[in-house]
Amino acid sequence: MTTTAPVVAFDQVSKAYGEVRAVDGLTLTLRPGETVALLGPNGAGKSTSLDLLLGLKQPDSGSVRLFGTTPREAIVAGRVGAMLQSGGLMDEVTVAELVRLACDLHPRPYKANDVLARAGIAQIADRKVNKLSGGQAQRVRFALATAGDSDLIVLDEPTTGMDVTTRQAFWATMREQADQGRTVLFATHYLEEADAIADRVLVLHRGRLLADGTAAEIKAKAGARRIAFDLEGTIDEAPLRALPFLNSITVSKSGSAAASGQTVRIQSTDADATVHALYGLGVYPRNLEVAGLGLEQAFVAITAAEEAKSK
């Protein structure tokens with residue numbers, strides 16, 4: 001890195017489409033070597049934020065800076081590689097021809113054969129692009145995004161269409177990129193990927209930054225724990241739903257208790273008090289488990305709480 005400026009800096013950035021605020025006063029910075037997951041429900045502003053970062057759209061107010069310069073200047077200098085979900089691929093050319101073109105156009109190119117190998121597409125180098133499967137096309141997009149020595153790699157839903165083995169290989173390559181000091185920013189709907197891969201998680205909601213931290217910090221921010229247990233027989237659900245400190249509760253037919261048993265799953269902001277009250281009901285929970293929320297459950301809890309506040 002030749003500058004001490006943040007890799008990415010959003011300063012009070014807003015972007016509206018008519019009456020819809022896709023991005024609303026967004027302020028954030030990304031630093032060298034971070035692997036950052038961008039999460040949010042549909043309509044949260046993820047795609048618009050990436051478009052603003054890449055200079056594909058201009059903010060209505062605020063500023064976006066990459067490496068202390070404009071997005072356009074950073075991209076022209078070859079400092080940014082991008083893999084966009086909406087990005088099309090040229091038809092009637094081979095994979096190798098397309099990758100060589102991307103390398104030729106990059107200010108700091110890698111060798112095309114190395115790019116093909118890193119993306120796991122050397123074996124399909126002679127295949128026409130329009131004959132690729134969805135997962136193969138994604139790997140070609142990844143090759144184009146990493147055709148040169150870029151300092152920031154931006155990935156929009158990068159593993160869509162990939163099988164499990166290909167996903168694992170993809171993320172192993174991304175870890176190598178981050179270990180070499182590059183910043184990796186990816187938007188994903190696969191929350192287990194964000195939990196396993198990201199050093200940092202950003203949660204967007206209605207164009208605003210709702211949460212920013214490690215996956216563990218995001219889980220803690222949800223302020224709840226997960227309780228699960230089985231009950232034999234059929235009981236009145238009303239006392240269960242009246243247990244203290246509940247965020248949510250679901251009751252379903254159990255697969256592990258008696259044939260007529262029930263499985264209860266609870267999110268509680270005070271698991272100890274909830275379990276104590278449960279025993280006070282005079283019921284006997286079997287297979288009782290108390291654990292922290294997973295990232296997906298925490299994400300749902302945080303965004304649901306924000307939706308409730310806005311009503």
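The values are calculated or read from the model by the stated rules, or taken from the named source; none is laboratory data. The shown structure was predicted, so the numbers you read here are calculated from the model rather than taken from an experiment. Heads up, the Cβs are rebuilt from the backbone with ideal geometry, glycines too, and the neighbour counts pull from every protein chain shown. Just the protein is used for accessible areas: all its heavy atoms, side chains included, with ligands, DNA and RNA removed. Shrake-Rupley method; radii C 1.70, N 1.55, O 1.52, S 1.80 Å.
Consider only pairs whose beta carbons are under 7 Å apart and that are at least six residues apart or on different chains; among these, list those whose first residue lies in region 194-206 and is within 14 Å of Arg175 (Cα to Cα) and whose second residue is of a type in the set (Phe, Trp, Tyr).
Ile197/Trp171
Kindly indicate whether Ala5 is open to solvent by less than 60 Å² (accessible area, probe 1.4 Å) and under 21 Å from Ala215 (Cα atoms).
When the stated conditions are applied, Ala5 does not pass them.
Asp212 passes all but one of (1) under 13 Å from the mean Cα position of the chain (by Cα); (2) farther than 23 Å from Arg182 by Cβ; which number fails?
Asp212 satisfies all of (1) under 13 Å from the mean Cα position of the chain (by Cα); (2) farther than 23 Å from Arg182 by Cβ except (2).
Only one of Glu289, Glu217 is surrounded by fewer than 12 Cβ atoms within 10 Å (Cβ to Cβ) and closer than 29 Å to Tyr190 by Cα. Can you tell me which?
Glu289
Kindly list the number of the only condition in (1) open to solvent by less than 80 Å² (accessible area, probe 1.4 Å); (2) within 14 Å of Arg139 (Cα to Cα) that fails for Gln85.
Gln85 satisfies all of (1) open to solvent by less than 80 Å² (accessible area, probe 1.4 Å); (2) within 14 Å of Arg139 (Cα to Cα) except (1).
Please pick out the residue among Ala22, Ala37, Ala16 that is aliphatic (A, V, I, L, M) and without any contact (Cβ under 8 Å) to a residue 60 or more places away in the chain.
Result of the check over Ala22, Ala37, Ala16: Ala16.
Results for (1) of a type in the set (Gly, Ala, Ser); (2) assigned to a helix (DSSP H, G or I); (3) crowded, with 21+ Cβ neighbours inside 10 Å; (4) at pLDDT 90 or above, shown as yes or no for each residue.
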| position | (1), (2), (3), (4) |
| --- | --- |
| Gly135 | yes, yes, no, no |
| Ala143 | yes, yes, yes, yes |
| Leu155 | no, no, yes, yes |
| Thr159 | no, no, yes, no |
| Gln168 | no, yes, no, no |
| Glu176 | no, yes, no, no |
| Leu185 | no, no, yes, yes |
| Glu192 | no, yes, no, no |
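In region 121-133, what residues are open to solvent by less than 30 Å² (accessible area, probe 1.4 Å), at pLDDT 95 or above and outside any loop (DSSP other than H, G, I, E, B)?
Listed by number, the list holds a single entry, Ile124.
Can you tell me which residue among Ala211, Ala224, Ala228 is modelled with pLDDT of 90 or more, of a type in the set (Gly, Ala, Ser) and crowded, with 17+ Cβ neighbours inside 10 Å?
None of the other options fit; the residue is Ala211.
Being free of Cβ contacts under 8 Å to residues at least 60 places away in the same chain and among the small types (Gly, Ala, Ser) narrows it down to one of Ala122, Ala147, so name that one.
Ala122
Being open to solvent by less than 10 Å² (accessible area, probe 1.4 Å), of a type outside the set (Val, Ile, Thr), farther than 22 Å from Glu176 by Cα and assigned to a helix (DSSP H, G or I) narrows it down to one residue among Leu50, Leu101; which is it?
Of Leu50, Leu101, the one residue that is open to solvent by less than 10 Å² (accessible area, probe 1.4 Å), of a type outside the set (Val, Ile, Thr), farther than 22 Å from Glu176 by Cα and assigned to a helix (DSSP H, G or I) is Leu50.
All but one of (1) without any contact (Cβ under 8 Å) to a residue 12 or more places away in the chain; (2) within 20 Å of Leu240 (Cα to Cα); (3) of a type outside the set (Phe, Trp, Tyr); (4) surrounded by 14 or more Cβ atoms within 10 Å (Cβ to Cβ) hold for Val300; which doesn't?
The one condition Val300 does not meet is (2).
Does at least one position in region 32-42 carry a residue that is in a strand (DSSP E or B), under 21 Å from Arg200 (Cα atoms), among the small types (Gly, Ala, Ser) and open to solvent by less than 20 Å² (accessible area, probe 1.4 Å)?
Yes, region 32-42 contains a residue that is in a strand (DSSP E or B), under 21 Å from Arg200 (Cα atoms), among the small types (Gly, Ala, Ser) and open to solvent by less than 20 Å² (accessible area, probe 1.4 Å).
I'd like to verify a number: residues in region 194-219 that are closer than 13 Å to Ala37 by Cβ and assigned to a loop (DSSP other than H, G, I, E, B), how many?
So the count comes out to 3.
At pLDDT 95 or above, surrounded by fewer than 20 Cβ atoms within 10 Å (Cβ to Cβ) and among the hydroxyl-bearing types (Ser, Thr, Tyr): is that true of Thr69 in this structure?
Yes.
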